[in-house]
1. If I ask for residues that are more than 17 Å from D58 (Cβ to Cβ) and under 9 Å from the mean Cα position of the chain (by Cα), which ones from region 9-37 would you list?
2. Among the residues of region 3-27, write down those that are farther than 12 Å from Y44 by Cα and of a type in the set (S, T, N, Q).
3. All but one of (1) out of contact with any Leu (no Cβ under 8 Å at 6 or more places or on another chain); (2) assigned to a strand (DSSP E or B) hold for D60; which doesn't?
4. Kindly indicate which of A32, A17 is surrounded by 12 or more Cβ atoms within 10 Å (Cβ to Cβ) and in a loop (DSSP other than H, G, I, E, B).
5. Which count do you get for residues in region 4-62 that are in contact with a Phe, Trp or Tyr (Cβ under 7 Å, 6 or more places away or on another chain), of a type in the set (V, I, T) and without any contact (Cβ under 8 Å) to a residue 24 or more places away in the chain?
Amino acid sequence: MQTFFAQVEDLDAPDDADPLLLWIGSEPREIAEPEAMIVPLAPYAELTIEHLIELRRDRDDSNPWEA
């Protein structure tokens, strides 16, 4: 899909509620750079510079994307 993605679930959600709080990157090329996930994930997690470097490295090492 050539996109980064993130999902956040509420593990304490009642059985009759949807536990999915956030799902981004479900469309091809929706998130081309990991920095685009910083703001949507901010209420739930911190993406540090180390995370961003690792995400870029994983992408580049496994299957370089075309521009």
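1. Scanning region 9-37 gives W23, I24.
2. Result: T3, S26.
3. (2)
4. Being surrounded by 12 or more Cβ atoms within 10 Å (Cβ to Cβ) and in a loop (DSSP other than H, G, I, E, B) holds for just one of A32, A17, which is A32.
5. 1
Read-outs: derived from the displayed coordinates by stated rules, not from any lab. Computed from a predicted structure; not experimentally measured. When we count neighbours, we look across all protein chains shown, and the Cβ atoms used for this are built from the backbone with ideal geometry, even at glycine.
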